[in-house]
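Since the structure comes first, as structure tokens, the remarks are kept for the end.
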Amino acid sequence: MVWAIDLIRISEAPLRQWRDRFFISYVAILATLLGIFSTAIYHVVARDRNHQLNTHLTQLAETAAHTLDIVKHEYAELAHADQDDEDDDDEDDEDDDDDYATYAATLPRHADGSLRPISLNRLMGKYEAASILDLPQLNRPQNLQGVEWYDEHRRLMVREGSLFPAQPFPHPRQISGSFTQTGQLRTVILPVYRNGAKQPGAPLVGYIRASESTAALTAELDRLRWGLGLGAVLMTGLAAVSGIWLTRQALRPVVQSLTRLQQFTADASHELRNPLTAIRASVAVMQSHRERVDRADWGKLDAIATASAQMSHLVDDLLLLARMDQQWTEAPSWRRVAVDEILEDLVEFWSDRAAQAQITLTAHLQPNILMQGNPDQLHRLFNNLITNALTYSPAGSRVTVTLTHDSLNAIAMIQDTGIGIAPQHLPYIFDRFWRADPSRTPQDGGSGLGLAIVQGIVHQHRGKITVQSTPQQGSCFRVELPLG
């Protein structure tokens, strides 16, 4: 991902990846914190609203519990109004009893004559119960609540409201005063004891079952959830926009330091080449005329020649890496390259050295595999890998170079049966100047930059390199380069 608003040109692919990871991590952490905050707010509000609903439902049941004695008395009178009317001989109350019996006769009854459950208003109709009982449900729409009065035998007597549970009344042992939720209906059952006692040992008068719809609460919590979610998304989007600027500002000193370091490496490497070339030329002249040099100094002269050659190799590697770092986004001067021909030439070139080291070097190359690339860099890439395989393979080992392709990539594998790489070292083998423990690394005069150069060339060609290795069994480097 490349942002057009960047004021600093970040040419290195690893640095661009670092910037992207930094930005993504920043946004991800902020989004996570917003998500946790929104979730916490939602749960706090939901718990508070549920507590308010439970409190209101409990108050509704407790208010109705105060009327249970009256309800039981009136319900019993209505249930036996006919018998009471026949047995009553008091002439003063005869008219009132006739009216009461007439009213009781209008109430719904079962086939055996027992009274069906009725509403509170019908139960207390003659006494205007609405003025006697000030129930909390009168403050809210009745279609959101329901109250039921049961006697001690769990027989429903009276119900008020229009919202009642469909399930039957539970067994008394299952009644604990806790709340139950069925769909969008919340219910509480409250046992009522004589004289307002709360201990189960007191005489039981009956039960109150109060119910209330949670539809309004659910709708409110849904709105809250959507609001918090949209707010978190909006804040994350704003943070992402500001994060681009913050990431750019945070990496500006790093980019500037890396740019100066790259420029210094390139300049120093370039400036060192001239004196090293002069030293090597002078040593070469002196070695070609050894008679002019004291015999005791011949060993010193050879040491100077070896050290200057190693320094020249190191400077060349550093200069190559610096140039590659500065050319990641520049249009490379690539051309059509036959990868199989490069590998064939390298295998032929290294065959003599492999034979001298008693290493079997073989190649299995598919012909006519072409790609767009820099031939010199590709030659350096595969030369480093083959050299690395030969260096770390003892006598009697095998090094196999394989080249195939699929629909998108040329696939080259350099496999050896050498000393291998320990698992803890695999993540670092492409680091610059990294070496394994000295006991594993032969003194071959290498610069420690070979595999770093390999990785740089592969990335510059938009490819991928992987390695699999087992100690004392060998390693396999797999390079995938896009065809084109």
Q: Could you order K464, K300 by accessible surface area, starting with the largest, using a probe radius of 1.4 Å?
A: K300, K464
Q. Tell me, what HN-Hα J-couplings in whole Hz come from the Karplus equation 6.51 cos²θ - 1.76 cosθ + 1.60 at θ = phi - 60° for each residue of the range 284-295, using x for Gly and Pro?
A. 5, 5, 5, 5, 6, 10, 4, 5, 8, 10, 4, 4
Q: Could you sort 455-461, 61-67 so that the peptide with the highest average Cβ count within 10 Å comes first and the rest follow in order?
A: 455-461, 61-67
Q.
Compute the distance from the alpha-carbon center of the range 342-384 to that of the range 386-431, in whole Å.
A. 13 Å
Q: Give the long-range amide H neighbours of L449: residues separated by 5 or more places, or on another chain, with amide H under 5 Å away, using H modelled in the peptide plane at 1.01 Å from N.
A: F433
Q: Quick one: which residues, 5 or more positions from V205 or on another chain, have an amide H under 5 Å from its amide H? H modelled 1.01 Å from N in the peptide plane, none for Pro or chain starts.
A: V192, Y193, R194
Q.
I'd like the Karplus ³J(HN,Hα) series for the range 380-397: coefficients 6.51, -1.76, 1.60, θ = phi - 60°, whole numbers in Hz, and an x wherever there's a Gly or Pro.
A. 5, 4, 6, 5, 5, 5, 5, 4, 4, 5, 5, 5, 9, 10, x, 4, x, 7
Q: Please list the non-local residues whose amide H lies under 5 Å from the amide H of Q184, H modeled 1.01 Å from N, same-chain partners needing a gap of 5 or more.
A: none
Q: Count charges around Q358 for me, please; just the other residues with Cβ under 13 Å from its Cβ, Lys/Arg as +1, Asp/Glu as -1.
A: +1
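The values are calculated or read from the model by the stated rules, or taken from the named source; none is laboratory data. These numbers come from a predicted model, not from an experiment. Positions of Cβ are generated from backbone atoms using ideal geometry, with glycine treated the same way; all protein chains shown enter the neighbour counts. Just so you know, the surface numbers come from the protein's heavy atoms only, side chains and all, with ligands and any DNA or RNA stripped out. Shrake-Rupley method; radii C 1.70, N 1.55, O 1.52, S 1.80 Å.
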